[in-house]
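Quick notes on the structure that follows.
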Amino acid sequence: MIDDFVRSVQINKYSFSKAGSAEYVLNTYMNNSWPVVYIIKDDAIGEAYIGESTNAINRMKNHLANEDRNKLGDLLIISCDKFNKSAVLDIESNLIQYMSSDGRYKLQNGNAGLIDHNYYQREQYQSLFDNLWEHLLVEKYAKNPLSRIDNSDLFKYSPYKALTNDQHDSVLEILGLLTKKEENTIFVEGGAGTGKTILAIYMMKLLKTDIMDHHLDGEDETYSSELTLISQLKAKFPNPRVALVVPMTSLRKTLKKVFANVKGLKASMVIGPSEVSKNEYDVLIVDEAHRLRKRKNITNFKSFDDANKLLGLDIHEGTELDWILMQSKNQIFFYDEWQSIKPSDIDQSKFAKQKWSASLLKLVSQHRVKGGMDYINYIDNLLHCRLEKGDKKFESEHYEFVLYDSLTELYADLKKKEAEFGLCRLLSGYSWEWKSAKADVPDITIEGLNLKWNTTNEDWINSPNAFNEVGCIHTTQGYDLNYTGIIFGNEITYNPETKQIEIDASQYFDKKGKQGIENPATLKAYILNIYKTMMLRGIRGTYVYVCNEELREYMKEFMRN
């Protein structure tokens, strides 16, 4: 069937102008109210607009009257006698996602109304899209294959991602709160992989896009509630002072690069918590809010103290959470208490107190891990020793979860996956001293395999030598990988008598991660959060090697070996 689709797809190019309309109004599909997808583009300025319509001739009249669209010179009409409304909506959504990340053009599109949905024969139409993209590459309307785009940060953190129903419902709730109340504190909670960062970026684009660019095709009532709320919000905040606060340095720098490549967004809109103290905002969106800090075990006390002094706070009591609450009328916190990993993270009790008077939203759909919630629940039970002998091991045709007796075998298999998919990395808990920071020596030696910790803290995932190094939690939290290899170090053990995982603090080398912790249960909670967070990085699979013999034997009972 797909061969019939491919043969019948047409891409016709016209001049996008009033004079050019004499040609494209003769297009059979445009003339007969048939659903089509279109790309309006201009190579000279490197911008484009993507849409779909069953009334394309009228849509072109509207676009010609739009000041931004009128700057574009070419019109591509993509048509097929097998198109239906659902199919063109899906193709339009995919084109927006991939072309915005390809880098050939910056898109003029707003991002409202991009919702993921199923429909009859969707798989065939998705195969058609792969062939359509190949045609765009040949004609130089695109420059990167889909496989390369899939692994790019610009795609992974695109503000044009199609939202799931629970994400879209959260958008509507947030917009409703922002329009109705003068001041809001909103918590959006969800585990790793539920799309918190994507939703945070989506909201930034939504808030910083001109209202006219949100109207997609204006002929589908599906998005009317969202567009009405956006109109009300624009009336309230015509040019909102808004920023995305990202506590982690590496992820912040990655997102700055993404924002610099999206029309309407700027790298300067992505800020660290310390920058909050210098300005006032209408809306602050805080990603990875569980990593906001208090004044404990941090590296730059002076900068922290200066921010507290500037805001009139006690230097020992003021926190990054306090700064955000003081400097903004509205705050949206994307939060997961189970990803707090060190003593500098603000206590959960402080967040809990804040949530009493806040609006609470929940994300539940799993976006990253192909093993879904079954895998996530399974590793949570595995790490907290809730599984019993005889329980069924986790198996999935969509996800590889494998325990290795040999690290060299794991590394060899991971290397094959790296060649096939890219973005496969070896990670570990902080179980070895970082000797290579001062001398050219390996940090980790197992089975004759000599490895170093990550040699950069900035965007290590994408650094040239990343596959030959071992990443720690600080360079991987918030990122997506295709496959991860996890080394459970000697700081995490298992007691067969108590049937519980235990922690050997002497084998844990993150000084700021354990300094001042008097309760062993607190350190254990942090370390379990670290391993669970790393085990949720892999989209396609997680390979595990365990140093401690007792822990390895425990995991063998519950993992494919």
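Numbers for the structure displayed
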{"item": "Residues (in a helix (DSSP H, G or I) and either over 13 Å from Lys499 (Cβ atoms) or not aliphatic (A, V, I, L, M) (or both)) located in the range 377-392", "result": "Asn377, Tyr378, Ile379, Asp380, Asn381, Leu383"}
{"item": "Those residues of the range 491-510 which are touching a residue at least 60 places away in the same chain (Cβ under 8 Å) and under 32 Å from the mean Cα position of the chain (by Cα), in sequence order", "result": "Glu491, Ile492, Ile501, Tyr508, Phe509, Asp510"}
{"item": "Hits in the range 335-349 - residues which are surrounded by fewer than 22 Cβ atoms within 10 Å (Cβ to Cβ), part of a helix (DSSP H, G or I) and touching an Asp or Glu at 6+ places or on another chain (Cβ under 9 Å)", "result": "Glu337, Trp338, Gln348"}
{"item": "Boolean, Leu177 is assigned by TED's automatic domain parsing to the domain that holds Glu67 and in contact with a strand residue (DSSP E or B) (Cβ under 9 Å, 6 or more places away or on another chain)", "result": "no"}
{"item": "Members of the range 22-61 that are crowded, with 21+ Cβ neighbours inside 10 Å and small (Gly, Ala, Ser)", "result": "Ala48, Gly51, Ser53, Ala56"}
{"item": "Residues located in the range 104-120, provided they are surrounded by 15 or more Cβ atoms within 10 Å (Cβ to Cβ) and either out of contact with any Gly (no Cβ under 9 Å at 6 or more places or on another chain) or under 18 Å from Asp213 (Cα atoms) (or both)", "result": "Tyr105, Lys106, Leu107, Gln108, Asn109, Gly110, Asn111, Ala112, Gly113, Leu114, Ile115, Asp116"}
{"item": "Among residues of the range 393-418, those that are among the acidic types (Asp, Glu), in contact with a strand residue (DSSP E or B) (Cβ under 8 Å, 6 or more places away or on another chain) and assigned to a helix (DSSP H, G or I), counted", "result": "2"}
{"item": "Hits in the range 165-185 - residues which are within 20 Å of the chain's Cα centre (by Cα) and more than 26 Å from Lys266 (Cα to Cα)", "result": "Asn165, Asp166, Asp169"}
{"item": "Neighbours by Cβ (under 8 Å, 6+ apart or cross-chain): first from the range 515-526, charged (D, E, K, R); second at pLDDT 90 or above and surrounded by fewer than 17 Cβ atoms within 10 Å (Cβ to Cβ)", "result": "Lys524/Glu502"}
{"item": "Residue in the range 133-153 that is surrounded by 15 or more Cβ atoms within 10 Å (Cβ to Cβ) and within 20 Å of Leu244 (Cβ to Cβ) present", "result": "yes"}
{"item": "1 or more residues among the β-branched types (Val, Ile, Thr) and not assigned by TED's automatic domain parsing to the domain that holds Ala466: qualifying helices (runs of 4 or more DSSP H) within the range 482-561", "result": "none"}
{"item": "Any hit, the range 419-431, residues being loosely packed, with under 14 Cβ neighbours inside 10 Å, part of a helix (DSSP H, G or I) and small (Gly, Ala, Ser)", "result": "yes"}
{"item": "Which listed residue, of Lys161, Lys205, is charged (D, E, K, R), part of a loop (DSSP other than H, G, I, E, B), touching a residue at least 40 places away in the same chain (Cβ under 8 Å) and under 26 Å from Ala267 (Cβ atoms)", "result": "Lys161"}
{"item": "Tabulated pairs, the range 454-474, first of a type in the set (Phe, Trp, Tyr), second modelled with pLDDT under 95 and part of a helix (DSSP H, G or I), C-beta under 9 angstrom, 6+ apart or interchain", "result": "Trp460/Ser250; Trp460/Thr475; Trp460/Thr476"}
{"item": "Enumeration of residues in the range 30-67 that are in contact with a strand residue (DSSP E or B) (Cβ under 9 Å, 6 or more places away or on another chain), of a type outside the set (A, V, I, L, M) and not in a loop (DSSP other than H, G, I, E, B)", "result": "Tyr38, Lys41, Asp42, Glu47, Tyr49, Gly51, Glu52, Ser53, Arg59, His63"}
{"item": "In the range 358-369, the residues that are surrounded by fewer than 16 Cβ atoms within 10 Å (Cβ to Cβ) and basic (Lys, Arg)", "result": "Lys362"}
{"item": "Pick from the range 79-130, criterion closer than 15 Å to Leu163 by Cβ, part of a helix (DSSP H, G or I) and aliphatic (A, V, I, L, M), ranking: nearest to the chain's Cα centre (by Cα)", "result": "Ile96"}
{"item": "Candidates Leu403, Leu383, Leu387, filtered to the one that is in the same structural domain as Thr533 (by TED's automatic domain parsing) and touching a Leu at 6+ places or on another chain (Cβ under 8 Å)", "result": "Leu383"}
{"item": "Hey, Thr254 under 18 Å from the mean Cα position of the chain (by Cα) and hydroxyl-bearing (Ser, Thr, Tyr) or not", "result": "yes"}
{"item": "Residue, farthest from Ala243 (Cα to Cα), within the range 289-320, restricted to residues that are in contact (Cβ under 8 Å) with a residue 40 or more places away in the chain and touching an Asp or Glu at 6+ places or on another chain (Cβ under 8 Å)", "result": "Lys294"}
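Per-residue answers, yes or no, for (1) outside the structural domain of Leu199 (by TED's automatic domain parsing); (2) touching a helix residue (DSSP H, G or I) at 6+ places or on another chain (Cβ under 8 Å); (3) modelled with pLDDT of 95 or more:
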position: Ile115; (1), (2), (3): yes, yes, no
position: Asn118; (1), (2), (3): yes, no, no
position: Arg122; (1), (2), (3): yes, yes, no
position: Ser127; (1), (2), (3): yes, yes, no
position: Glu134; (1), (2), (3): yes, no, no
position: Lys143; (1), (2), (3): yes, yes, yes
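The values are calculated or read from the model by the stated rules, or taken from the named source; none is laboratory data. Owing to the predicted nature of the structure, the values given are computational and were not obtained by experimental measurement. Note: ideal-geometry Cβ built from the backbone for every residue, glycine included; neighbour counts use all protein chains shown.
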